[in-house]
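Student: Take a look at this one; I'll ask things after.
The numbers here are math on the coordinates, done by the rules we state, and not lab data. Values in this document were obtained by computation on a predicted structure and should not be read as measured data. When we count neighbours, we look across all protein chains shown, and the Cβ atoms used for this are built from the backbone with ideal geometry, even at glycine.
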Amino acid sequence: MKAAATICCEISWEVCNKVGGIYTVVSSKAQRMVEHYGEHYYAIGPYAAQRVIGSFEEKLPPNGLKTVFEHLKQEGIECHYGTWLIKGNPQAILIDITNFAKNANAIKKLLWDTYKIDTLGTQWNDVDEPLVWSWAAGKLVEQLATQSIVCHCHEWLAGGALLYITSRKLPIGTVFTTHATVLGRALASEGVLYDLIDTVDADAEATKRGQGLKAKHQLEKQSALHAKVFTTVSEITGIEAEKLLGRKPDVLLPNGLDMSTYPTFEEVSVRHKLMKGKLFDFIISAYFPFYSFDLNNTLVFFLAGRHEFHDKGIDILIKALGKLNDRLIAEKSNKTIVVFFWVPGNVRAIKQPLLESKTYYRDVKESITDDLDEIEHNLLHALIAGQPVSEERLMNEELRAELKRKLLRFKRGGKPPVCTHDLLGDDEILGAFASAGLDNEATDRVKVMYYPIYLNGADGLLDMSYNEAMQGAHLGIFPSYYEPWGYTPLEAGALGVPSITTDLAGFGRFICNECAPSPNPGIWVLKRWKKTDDDVVEQLAVTMHYYATRDKEDRIDNKLAAREIANKADWKEFIERYIDAENRSIQ
């Protein structure tokens, strides 16, 4: 029988420290890790008193750990033990390196002598802090070591722990997972990653881009080369890692979701109707002061993500929307597509006319609500009596006059804005709208709205959370150029929202490889690998047109299919891949 790891120390800069996508990975699978390892699973992260408020409950360490902590404290490493306040309540050990930081230069020297990692002149907040912290984490794991312990390190930021363990030849299993290579991300942001991928001299390219990136690349590369098991999150990242880090992954560890935290499909249907109503309220207040369109023939599309114009495919989407708009106009379509870009930008303030329109619209709505009982009674009486329904029959003269005054105040000249906020400086998204002819003219079938703030549920406009806004929409569009995994289409699917991704996204590759194709899919995968931008734009425009012209029954099938794919990415399906990788590291 093969040996199995009995203790797992999972090390990530994002344990109890939500700064990026790895937080979602580690936190969402924590319950499954606890179910497998029990009290022998430790999530290890950095300690900062202000950052851990609300996510970490500190407790007295058990006797075994107390001895370890006292030993480490003599070296300047102060450990805080407690519970990470997420589902599964995993044990967490957070490391304060305030008094250990003086060892930074000694650690850097050892890394140069042992691995030829050049960290000369790197900055504390950029490289040195996570390096010193992860080195301290390696010392912690050393003190916890037994014959069947595994140290699972995420990204270069935790690589110091792995390199400490290997430099001392400790009998500890090591797993290194890279979620995205630092050099790959840099090359992707310049739009050249896949052009260079087959011929790149990775070390030379990293050196060209400054000492900080060079040091991170070397830390990442040596961690990958010296790990007993090297993993990445997807096939596309595996290709990137093999070319840039010099090692093909031993195992692919896809990122999952805890589907038990998402609503059932029946609940999804109810929530979609409710949240769509909220989105339509905003659409009415933003567009209807200028002109109106048929909401019964209106669909809401969206893109959400960081402001990475090329990497997230924002450039591709805008060009494709321009083509879709032209085609729908030429067809004399009665469809209207409202597309939200939920992408944080450099914001000054909400546009004042939008706030005014929201207030005026709410005022009209409240006037009707106040008299709703009488309106309902009059409508029912007219229907039963077989009489024509008219304003005069539904509303008394006083209410009609009041509404007329308020509606006159609501109306404006000109055309709706393409952005909800005034921005500081120029923005690529607004420039791309203009180039694509997307300016919210009354004759446009595609309307755009750049919403450059995070959806926190209380922003003064939509006042919806990210999940609520997604649930109200009909289609998510994520035509990414660089997306090592891509949680957004997966999260959309979990909420019963169809989406579009690409084969340059890890999740897109997963769908292509592990999900049976459907004639009416819930998630479409565009071909971007070795394709021109013009080709991808055309694919996306055709796919969006296909979806926009489906009937309601087809769109329900899309929602069901999206949810089914999301179920395949549940952590209960993926966790065994993690456990297998960790067991392999101690063979």
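Student: What's the magnitude of the charge dipole for the range 352-415 around its Cα centre, counting Lys and Arg as +1 and Asp and Glu as -1 at the beta-carbon? Answer in Debye, nearest 20. Walk me through the intermediate numbers first.
Tutor: On the way: 12 positive and 13 negative charges, 140 e Å.
Using only the charged Cβ atoms, the result is roughly 680 debye.
Student: Nearest 10 degrees, 0 to 90: what angle lies between the long axis of helix 372-385 and the longest principal axis of the chain (Cα atoms)?
Tutor: With rounding to tens, the tilt is 50 degrees.
Student: What does DSSP give for the chain in terms of the percent of beta bridges that are antiparallel, rounded to the nearest 5? Write out the running numbers ahead of the final one.
Tutor: Details: 13 of 61 bridges.
For the chain, the DSSP antiparallel bridge percentage is about 20.
Student: Same structure, new question: Identify the trypsin sites (Lys or Arg not before Pro) of the range 150-249 meeting these criteria: DSSP loop state and at most 13 other C-beta atoms within 10 Å of the C-beta.
Tutor: Working: sites: 168, 169, 185, 208, 209, 214, 216, 221, 228, 243, 247; in loops: 168, 169, 209, 228, 247.
Qualifying residues, ordered by number: 168, 169.
Student: Given the options 117, 282, 496, identify the residue whose Cα lies farthest towards the positive end of the charge dipole of the chain (+1 on Cβ of Lys, Arg; -1 on Cβ of Asp, Glu).
Tutor: Sorting the options by dipole projection puts first 117.
Student: Can you list the trypsin sites (Lys or Arg not before Pro) in the range 41-89 that are in a DSSP coil and have 16 or fewer other beta carbons within 10 angstrom? List each step's numbers first, then the result.
Tutor: Values: sites: 51, 59, 66, 73, 87; in loops: 51, 59, 87.
Filter output for the range 41-89: 51, 59, 87.
Student: To the nearest 10 degrees, how steep is helix 571-584 against the longest Cα principal axis of the chain, on a 0 to 90 scale?
Tutor: On a 0 to 90 degree scale, this one is about 20.
Student: Calculate the spin-label point distance for residue 264 paired with residue 556, positioning each point 7 Å from the Cα along the beta-carbon direction, and give it in nanometres.
Tutor: Result: 1.7 nm between the two label points.
Student: Find the relative contact order for the range 376-518 and round it to a whole percent, using C-alpha pairs within less than 8 Å whose residues are 6+ positions apart. Could you put the intermediate results ahead of the total?
Tutor: Details: 136 pairs, mean separation 17.9, N = 143.
Worked out over the range 376-518, it gives 12 percent.
Student: Moving on. May I ask which of 102/221; 208/243; 332/406; 243/531; 273/415 have a Cα-Cα span longer than 22 Å here?
Tutor: On the way: 102/221 26 Å; 208/243 17 Å; 332/406 33 Å; 243/531 20 Å; 273/415 28 Å.
From the list (102/221; 208/243; 332/406; 243/531; 273/415), the Cα-Cα distance tops 22 Å for 102/221; 332/406; 273/415.
Student: Under the definition of Cα pairs under 8 Å and six or more residues apart, what whole-number percent is the relative contact order of the range 352-415?
Tutor: Numbers: 29 pairs, mean separation 26.2, N = 64.
Computed over the range 352-415, the figure is 41 percent.
Student: Also, I was wondering about something else. When mean projected area of the Cα convex hull in nm² is calculated directly from the model, which label among [x] 36.0; [y] 30.8; [z] 25.2 fits?
Tutor: Of the labelled values, this structure produces [y].
Student: Averaged across orientations, what area in nm² does the convex hull of the alpha carbons in the range 406-496 project?
Tutor: Values: hull surface 34.5 nm².
It is 8.6 nm².
Student: Along the Cα→Cβ direction, 7 angstrom out, place labels at residue 409 and residue 73. What is the inter-label distance in nm?
Tutor: 6.5 nm
Student: Just in the range 70-102: which GluC sites (Glu not before Pro) are loop by DSSP and have at most 16 other Cβ atoms within 10 Å?
Tutor: Values: sites: 70, 75, 78; in loops: 75.
Qualifying residues, ordered by number: 75.
Student: Around residue 329, under 14 Å between beta carbons, what's the net of Lys plus Arg minus Asp minus Glu among the other residues? Spell out each step's value before the answer.
Tutor: On the way: positive: 323, 327, 332, 335, 445, 447; negative: 326, 331, 439, 441, 444.
Taking every other residue near residue 329 into account, the sum is +1.
Student: Still on this model: Sorting 556, 107, 500 on the 10 Å Cβ count, fewest up front, what's the list? Before the final figure, lay out each step's value.
Tutor: Details: 556 13, 107 20, 500 27.
Taking fewest neighbouring Cβ atoms as first place, the list is 556, 107, 500.
Student: Using a simple charge model, +1 on the beta-carbon of Lys and Arg, -1 on the beta-carbon of Asp and Glu, nothing else, what dipole does the chain show about its Cα centre, in debye to the nearest 20? It would help to have the intermediate numbers written out before the result.
Tutor: Working: 67 positive and 79 negative charges, 164 e Å.
The calculated dipole for the chain is roughly 780 debye.
Student: Roughly how tilted is helix 552-568, in degrees to the nearest 10 and between 0 and 90, from the longest Cα axis of the chain?
Tutor: Between the helix axis and the principal axis of the chain, the angle is about 10 degrees.
Student: Please work out the C-alpha center-to-center distance from the range 68-122 to the range 142-215 and express it in whole Å.
Tutor: About 17 Å separates the Cα centre of the range 68-122 from the one of the range 142-215.
Student: Put +1 on the Cβ of each Lys and Arg and -1 on the Cβ of each Asp and Glu in the chain; which of 430, 252, 353 then has its Cα farthest toward the positive end of the dipole?
Tutor: Among 430, 252, 353, the one farthest towards the positive end of the dipole of the chain is 252.
Student: Quote the relative contact order of the chain in percent (integer), defining contacts as alpha-carbon pairs under 8 Å separated by 6+ residues.
Tutor: Values: 1085 pairs, mean separation 90.2, N = 587.
Contact order relative to length: 15 percent.
Student: Follow-up. Just the ratio, please: alpha-carbon radius of gyration of the range 23-102 over 2.2 N^0.38 Å, N its number of residues. Could you put the intermediate results ahead of the total?
Tutor: Numbers: Rg = 12.9 Å, N = 80, 2.2 N^0.38 = 11.6 Å.
Here the answer is 1.11, to two decimals.
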